[in-house]
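First comes the structure, then the notes that go with it.
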Amino acid sequence: MFLLDLAILAVALAAVRNEIFLGWGVSGFTRPVMWAVDITNFVFWVGIAHCGTLVSAVLFLFRSHFRRAVYRVPRR
């Protein structure tokens, strides 16, 4: 797992190096789409977070019994 993490880190660092040397056009900051990939990723992950909050609230409001297993997970 550690080697897999190192490989993913190496790919990410190569991508950052590529963007620094070649410019923002690499990540989609070109005309006519100036908002590009970064804002799209941000909106996507905010949407995922909101979805998790919504699911949790619905389970709480309807007093679902199958959610109790999550509460039994030991916390340190």
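Miscellaneous remarks
- Once the stretch 29-67 is narrowed to residues that are open to solvent by 100 Å² or more (accessible area, probe 1.4 Å) and outside any helix (DSSP H, G or I), the residue that is modelled with the highest pLDDT is 62.
- A count restricted to the stretch 23-52 and to residues that are of a type in the set (A, V, I, L, M, F, W, C) and more than 11 Å from the chain's Cα centre (by Cα) stands at 10.
The values are calculated or read from the model by the stated rules, or taken from the named source; none is laboratory data. Bear in mind the structure is a predicted one, so any value in this text is a computation, not a measurement. For the accessible areas, the whole protein counts, side chains as well, though only heavy atoms, and no ligand, DNA or RNA atoms are used. Shrake-Rupley method; radii C 1.70, N 1.55, O 1.52, S 1.80 Å.
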